[in-house]
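Chemist: This is the structure, below, for whatever I ask next.
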């Protein structure tokens with residue numbers, strides 16, 4: 001779950017909310033939804049502790065097409081796109097220590113794709129080629145794929161080490177901000193007028209689409225709009241369900257890890273955001289000459305974590321934060337690489353993906369073909385430069401499938417009332433229903449006010465329907481007995 005988002009997205013949330021109370025409220029909303037979603041998924045994980053996780057839940061509750069559409073979107077965008085983005089981010093932050101590693105240091109510059117305006121979206125406007133930064137990202141993509149081929153033990157060992165390291169890094173940032181880094185001027189600016197612009201009667205400016213009109217919206221709509229950043233940073237909590245087939249005692253440990261993991265990360269995110277407010281003012285000047293003057297809103301390149309540590313340690317803060325982000329992104333990329341291939345394996349076993357992906361490595365019993373295929377696609381996204389735009393599109397698709405999966409929880413209670421349920425969703429049916437309503441509201445808000453993040457994601461999902469029909473028919477044909485003599 002913890003990648004680079006918590007170090008970056010707070011700048012955009014601060015600009016949109018322009019209120020200390022709403023700034024933290026954005027994380028409270030994301031936290032409540034994430035924890036409720038995880039508690040709901042716990043029941044499904046305990047019922048169906050097999051490789052594939054969410055894909056299996058959708059297949060069993062709503063039908064194979066919905067499972068496939070999730071796997072299709074996961075492969076094209078959600079998993080591979082995030083792996084590409086996180087690995088390239090690793091390369092960029094490695095450039096803090098080795099300046100020759102940069103997104104502008106081209107080894108092979110193929111082309112610049114000009115911006116193309118399509119309604120409220122701007123497509124293109126990206127560089128295609130291999131820079132030193134995305135070359136490091138590509139190496140990391142394949143390194144993690146190969147490491148995870150050698151078995152869950154090695155992959156989980158790396159994950160445990162880096163999860164501990166990034167947890168300690170964030171803990172250090174939080175402790176420093178609340179102790180020696182505490183800035184009385186920032187505290188006064190943020191907490192002296194904590195509730196400014198946070199009343200129900202206050203209207204907030206939001207730009208519709210890219211370059212669209214500025215409209216005034218109320219508090220409920222604003223908190224829906226800013227979930228693009230906070231929910232994305234809190235995502236990937238469902239990845240543990242993908243590996244259920246290789247987890248010891250999954251009926252107990254998957255629900256437990258979902259509950260404990262999401263609660264821990266959300267608490268850390270809330271404390272980290274509050275820590276930024278202890279060091280930097282929320283409101284800043286985009287032309288400010290110092291880190292403090294620019295504030296959280298206008299931290300250089302939105303690197304709020306770096307700005308906070310620079311304020312605490314003016315000489316070495318940037319290096320400390322770059323090191324913390326390297327640890328965080330490495331651990332995030334490894335976890336996503338390890339988990340994603342298990343979904344493609346389950347799809348292949350159902351005849352809905354390449355057959356080779358459904359075979360395990362003869363020695364290590366891992367989905368080696370799926371790991372390599374995922375790495376190849378992620379590497380191509382690194383070269384194409386399209387991963388940034390793809391990530392813009394995923395939050396709507398992710399929310400859509402979370403809603404459908406939790407709807408599936410209700411469906412399975414009716415379809416399979418006698419199915420053994422070692423764990424039952426906490427607060428059922430009230431909390432799962434609240435999640436569906438909150439997530440649906442955010443989807444509606446994003447469709448209306450942030451169409452550049454929603455319609456492309458919806459189109460990608462819909463494009464999977466003819467692919468599903470093709471694969472399902474091909475699978476059915478291959479299973480029919482040969483009637484020829």
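Chemist: Taking residue 222 as the residue in question, decide whether it is touching a helix residue (DSSP H, G or I) at 6+ places or on another chain (Cβ under 9 Å) and either more than 22 Å from residue 397 (Cβ to Cβ) or at pLDDT 90 or above (or both). Outline the logic, then answer.
Modeler: Working: touching a helix residue (DSSP H, G or I) at 6+ places or on another chain (Cβ under 9 Å): yes; either more than 22 Å from residue 397 (Cβ to Cβ) or at pLDDT 90 or above (or both): yes.
Yes.
Chemist: Is it true that some residue in segment 173-189 is under 30 Å from residue 448 (Cβ atoms) and either surrounded by fewer than 20 Cβ atoms within 10 Å (Cβ to Cβ) or in contact (Cβ under 8 Å) with a residue 24 or more places away in the chain (or both)?
Modeler: No - not one qualifying residue is present in segment 173-189.
Chemist: Could you check segment 279-290 and list, in sequence order, the residues that are crowded, with 22+ Cβ neighbours inside 10 Å and at pLDDT 90 or above?
Modeler: Residues of segment 279-290 crowded, with 22+ Cβ neighbours inside 10 Å: 279-282, 284.
Of everything in segment 279-290, those that are crowded, with 22+ Cβ neighbours inside 10 Å and at pLDDT 90 or above turn out to be 279, 280, 281, 282.
Chemist: Let me ask something else. Among the residues of segment 313-336, is there at least one that is under 30 Å from residue 458 (Cβ atoms), touching a residue at least 40 places away in the same chain (Cβ under 8 Å) and outside any helix (DSSP H, G or I)?
Modeler: no
Chemist: Here is a follow-up. Exactly one condition in (1) under 21 Å from the mean Cα position of the chain (by Cα); (2) under 30 Å from residue 127 (Cβ atoms); (3) modelled with pLDDT of 90 or more; (4) surrounded by fewer than 17 Cβ atoms within 10 Å (Cβ to Cβ) is false for residue 444; which is it?
Modeler: The single condition residue 444 does not satisfy is (2).
Chemist: While we're here: Being touching a helix residue (DSSP H, G or I) at 6+ places or on another chain (Cβ under 9 Å) and farther than 26 Å from residue 21 by Cα is the filter here; which residues of segment 193-219 pass it?
Modeler: 210, 212
Chemist: Do we find a residue being in a helix (DSSP H, G or I), surrounded by 20 or more Cβ atoms within 10 Å (Cβ to Cβ) and either at pLDDT 90 or above or touching a strand residue (DSSP E or B) at 6+ places or on another chain (Cβ under 7 Å) (or both) anywhere in segment 292-302?
Modeler: Yes, there is a match, as at least one residue in segment 292-302 is in a helix (DSSP H, G or I), surrounded by 20 or more Cβ atoms within 10 Å (Cβ to Cβ) and either at pLDDT 90 or above or touching a strand residue (DSSP E or B) at 6+ places or on another chain (Cβ under 7 Å) (or both).
Chemist: When segment 221-239 is examined, which residues are found to be assigned to a helix (DSSP H, G or I) and within 12 Å of residue 12 (Cα to Cα)? Before you say what the answer is, go through the steps one by one.
Modeler: From segment 221-239, those assigned to a helix (DSSP H, G or I) are 221-225, 227-233, 239; that's our starting set.
Result: 225, 227, 228, 229, 230.
Chemist: Also, quick follow-up: Being at pLDDT 85 or above and over 21 Å from the mean Cα position of the chain (by Cα) narrows it down to one residue among 183, 125; which is it? Explain how you work it out, then say what you get.
Modeler: Values: 125 fails: at pLDDT 85 or above.
Testing whether each residue is at pLDDT 85 or above and over 21 Å from the mean Cα position of the chain (by Cα) leaves just 183.
Chemist: Continuing with this model, one more query. Might you let me know whether segment 256-265 holds any residue that is free of Cβ contacts under 8 Å to residues at least 12 places away in the same chain, surrounded by fewer than 17 Cβ atoms within 10 Å (Cβ to Cβ) and in a loop (DSSP other than H, G, I, E, B)?
Modeler: The answer is no, given that none of the residues of segment 256-265 is free of Cβ contacts under 8 Å to residues at least 12 places away in the same chain, surrounded by fewer than 17 Cβ atoms within 10 Å (Cβ to Cβ) and in a loop (DSSP other than H, G, I, E, B).
Chemist: Can you confirm whether segment 202-212 contains a residue that is at pLDDT below 90, over 23 Å from residue 29 (Cβ atoms) and surrounded by fewer than 14 Cβ atoms within 10 Å (Cβ to Cβ)?
Modeler: Yes, because at least one residue in segment 202-212 is at pLDDT below 90, over 23 Å from residue 29 (Cβ atoms) and surrounded by fewer than 14 Cβ atoms within 10 Å (Cβ to Cβ).
Chemist: Among the residues in segment 390-400, are any surrounded by fewer than 21 Cβ atoms within 10 Å (Cβ to Cβ) and free of Cβ contacts under 8 Å to residues at least 24 places away in the same chain?
Modeler: no
Residues checked against (1) within 23 Å of residue 305 (Cβ to Cβ); (2) surrounded by 24 or more Cβ atoms within 10 Å (Cβ to Cβ); (3) modelled with pLDDT under 90; (4) within 14 Å of the chain's Cα centre (by Cα):
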{"position": "15", "(1), (2), (3), (4)": "yes, no, no, no"}
{"position": "26", "(1), (2), (3), (4)": "yes, yes, no, no"}
{"position": "39", "(1), (2), (3), (4)": "no, no, no, no"}
{"position": "46", "(1), (2), (3), (4)": "no, no, yes, no"}
{"position": "53", "(1), (2), (3), (4)": "no, yes, yes, no"}
{"position": "70", "(1), (2), (3), (4)": "no, yes, no, no"}
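Chemist: Hey, another quick one. Taking into account only those residues within segment 404-425 that are under 25 Å from the mean Cα position of the chain (by Cα) and crowded, with 19+ Cβ neighbours inside 10 Å, which is nearest to residue 116 (Cα to Cα)? Please lay out each step first, then the result.
Modeler: Filtering segment 404-425 down to residues under 25 Å from the mean Cα position of the chain (by Cα) leaves 404-409, 425.
Checking the rest, the ones that are also crowded, with 19+ Cβ neighbours inside 10 Å come to 404-406, 408-409, 425.
Numbers: 404: 33, 405: 35, 406: 37, 408: 39, 409: 41, 425: 46 Å.
By that ranking, first place goes to 404.
Chemist: Just one of (1) out of contact with any strand residue (DSSP E or B) (no Cβ under 9 Å at 6 or more places or on another chain); (2) closer than 28 Å to residue 464 by Cα trips up residue 383, so point out which.
Modeler: With respect to (1) out of contact with any strand residue (DSSP E or B) (no Cβ under 9 Å at 6 or more places or on another chain); (2) closer than 28 Å to residue 464 by Cα, residue 383 is out only on (1).
Chemist: Kindly list, by first and then second residue, each pair from a residue in segment 150-170 that is without any contact (Cβ under 8 Å) to a residue 24 or more places away in the chain and at negative phi to a residue that is surrounded by fewer than 18 Cβ atoms within 10 Å (Cβ to Cβ) and in a helix (DSSP H, G or I), limited to pairs with Cβ atoms under 7 Å and residues at least 6 apart or on different chains.
Modeler: Matching pairs, first to second residue: 154/147.
The values are calculated or read from the model by the stated rules, or taken from the named source; none is laboratory data. What you see is a predicted model, and the numbers here were worked out from it, not measured in a lab. We place every Cβ from the backbone using ideal geometry, glycine too, and count neighbours over all the protein chains shown.
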